[in-house]
Amino acid sequence: MNKKILISLATVLLLTGCGTATLKNGEKVVAKMDGKKITAESLYNELKKQGGATILTNMIDDYVVNKEIKTDEDAKSSAESQLKSYKDSYESYGMDFNAALANAGYKSEDAFKEVLILDYKKKVATENYVKEKVTDDDINEYYKEKIFGDIEAKHILISPNTKDDMTDEEKEKAEKAAKKEAEKIIKKLDDGENFEKLAKKYSDDKGTASNGGKLTVTYGSVVDEFWEGCTSLKDGEYSKQPVKSEYGYHIIYRIKQKAKPKLSKVKEDIIDAIVEERINNDSTLQTKALVALRKKYNLKIEDSSLKKSYNSSVKSALASSSEASTTENSSN
């Protein structure tokens with residue numbers, strides 16, 4: 001939002017109702033000099049060209065979003081958390097946060113917090129918009145392909161002893177050494193040594209090593225390689241080859257997999273996951289959600305030039321967001 005334009009436009013609207021000088025045709029004079037008088041009407045028309053449609057859209061969205069979404073504790077908590085994060089960031093660089101707020105056009109932290117609350121509400125409005133479009137087929141497909149019973153497992157992690165200042169050759173040598181050590185541990189298992197004792201002795205995952213490498217694995221909570229390593233084993237089996245991931249080399253022992261939860265118990269979680277997935281993959285959705293809300297409240301822009309600018313800005317926002325999403329997805 002261009003704060004300077006917003007403040008200027010607000011001033012114009014205020015002046016049109018104040019006791020300013022008036023021309024014979026009824027127009028209010030906001031400034032004058034030798035040979036020239038600037039009216040509120042001419043200033044208003046100029047401001048329309050310099051971001052009037054954006055300001056109008058922000059005013060509309062403030063209204064419809066506040067009508068749709070209440071300012072609850074979640075909204076306040078989110079705003080407080082973001083505000084603290086901004087303050088901490090500025091202070092860590094020795095910068096004056098309040099001065100930065102003033103330069104951005106905010107009178108106080110509370111004023112900035114209101115903007116953060118509004119951003120949160122826009123996020124919720126977008127989620128609600130996407131949620132309405134999730135079908136039973138979408139839910140059933142997600143349940144079939146991405147919902148699994150938790151797996152109880154044990155693992156031993158051997159991480160390569162690499163450092164940032166190493167050469168590529170040195171890093172490759174460390175990778176080979178880690179893999180070789182993992183293969184030696186698998187040989188010890190083949191010879192009948194106890195998995196949990198080996199985990200306590202060798203595993204670089206200090207969070208599980210003391211417990212014999214035990215952990216419960218849920219789909220999506222671990223890297224794909226680890227999950228695939230678990231699902232490729234039968235209960236009571238361990239990896240015959242080290243499983244490589246970004247963390248190093250894993251030796252996995254699968255204890256057992258729990259039954260898949262019933263759809264009724266995970267349906268809401270599935271919907272939330274689908275909504276999050278779609279929002280992350282389509283940056284046009286907030287624009288679409290807000291456009292839908294404006295239509296719901298029967299938006300009609302009476303000023304023809306503002307209407308033209310508004311339609312153009314919506315079209316441009318959708319096109320640029322869609323292009324950005326396509327570029328991002330193709331690069332992943």
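FYI, it's all coordinate maths here, none of it is from the lab. Because the structure is predicted, anything quoted here is derived from the model rather than measured. Glycine also receives a Cβ, built like all others from the backbone with ideal geometry; neighbour counts cover every protein chain displayed.
Tell me which residues come under 5 Å, amide H to amide H, from T39 once H is placed; ignore anything under 5 positions away on its chain.
Close amide H contacts, sequence-distant or interchain: V30.
Please report, in debye to the nearest 20, how large the charge dipole of the range 230-303 is about its Cα centre when each Lys and Arg carries +1 at its beta carbon and each Asp and Glu carries -1 there.
Details: 16 positive and 11 negative charges, 91 e Å.
For this selection, approximately 440 debye.
Take the range 176-332, drop everything but the C-alpha atoms, weight them equally and run the Debye formula without solvent; then report log10 I(q)/I(0) at 0.14, 0.17 Å⁻¹ to two decimals.
-0.85, -1.04
Taking Rh as the Kirkwood radius computed over C-alpha pairs, what is the Stokes-Einstein D of the range 100-193 at 20 °C in a medium of viscosity 1.002 mPa s, expressed in µm² per second? Please list the in-between numbers first.
Working: Rh = 20.2 Å.
D, rounded to a whole number, is 106 µm²/s.
Given S313, I38, I147, which one lies farthest toward the positive end of the charge dipole of the chain, if we put +1 on the Cβ of every Lys and Arg and -1 on the Cβ of every Asp and Glu?
Of the listed residues, the answer is I38.
Give the calculated FRET efficiency between E46 and A102 to the nearest 0.05, with a Förster radius of 25 Å applied to their Cβ-Cβ distance.
On the way: r = 26 Å, r/R0 = 1.03.
According to the calculation, E is roughly 0.45.
With everything on Cα atoms, drop me the angle between helix 168-190 and the longest principal axis of the chain, reported from 0 to 90° to the nearest 10.
Relative to the chain, helix 168-190 is tipped by roughly 50 degrees.
Using only alpha carbon pairs under 8 Å that are at least six residues apart, calculate the relative contact order of the chain and give it in whole percent.
19
Cα axis of helix 3-15 to longest principal axis of the chain: angle in degrees, 0 to 90, nearest 10?
30
How much mean residue ellipticity at 222 nm does the chain get from its helices, if each DSSP H run of length 4 or more adds -39500 (n - 2.57) and you divide by all residues, to the nearest 500 deg cm²/dmol?
It comes out at -19500 deg cm²/dmol, rounded to the nearest 500.
Angle between the Cα long axis of helix 304-331 and the longest principal axis of the chain, 0 to 90 degrees, nearest 10?
Orientation of helix 304-331: about 20 degrees from the principal axis.
Taking H as built 1.01 Å from N, whose amide H comes closer than 5 Å to the amide H of K214, not counting residues under 5 places away?
H155
Determine the dipole magnitude for the range 193-240: charges of +1 sit on the beta-carbon of Lys and Arg, -1 on that of Asp and Glu, nothing else is charged, the reference point is the Cα centre, and the result goes in debye to the nearest 20.
Here the size comes out at about 280 debye.
How long are the semi-axes of the equivalent ellipsoid of the chain, taking √(5λ) for every eigenvalue λ of the Cα gyration tensor, in whole Å from largest down?
Each semi-axis is the square root of five times an eigenvalue, giving 59, 25, 18 Å.
Volume per residue, Å³, of the convex hull around the alpha-carbon atoms of the range 150-257?
96
How much net charge surrounds K244 when only the other residues with a Cβ under 10 Å from the Cβ of K244 are counted, with Lys and Arg +1 and Asp and Glu -1?
Neighbourhood net charge equals -2.
In percent, how large is the relative contact order of the range 126-218, given Cα pairs closer than 8 Å and 6 or more residues apart?
Contact order relative to length: 38 percent.
So how far, in whole Å, is the C-alpha centre of the range 42-105 from the one of the range 140-201?
Value for the Cα centre distance between the two parts: 47 Å.
Using mean Cβ contacts within 10 Å as the protection proxy, how do 266-272, 286-292, 90-96 order, highest first?
Most protected by this proxy first, the peptides run 286-292, 266-272, 90-96.
Where q = 0.17 Å⁻¹, what log10 of I(q)/I(0) comes from the Debye formula for the range 56-144, counting one point per Cα?
For the requested q values the scattering log ratios are -0.82.
Hey, if you put +1 on the Cβ of every Lys and Arg and -1 on every Asp and Glu Cβ in the range 60-188, which of V130, M166, G94 ends up farthest toward the positive end of that dipole?
The residue sitting most towards the positive pole is M166.
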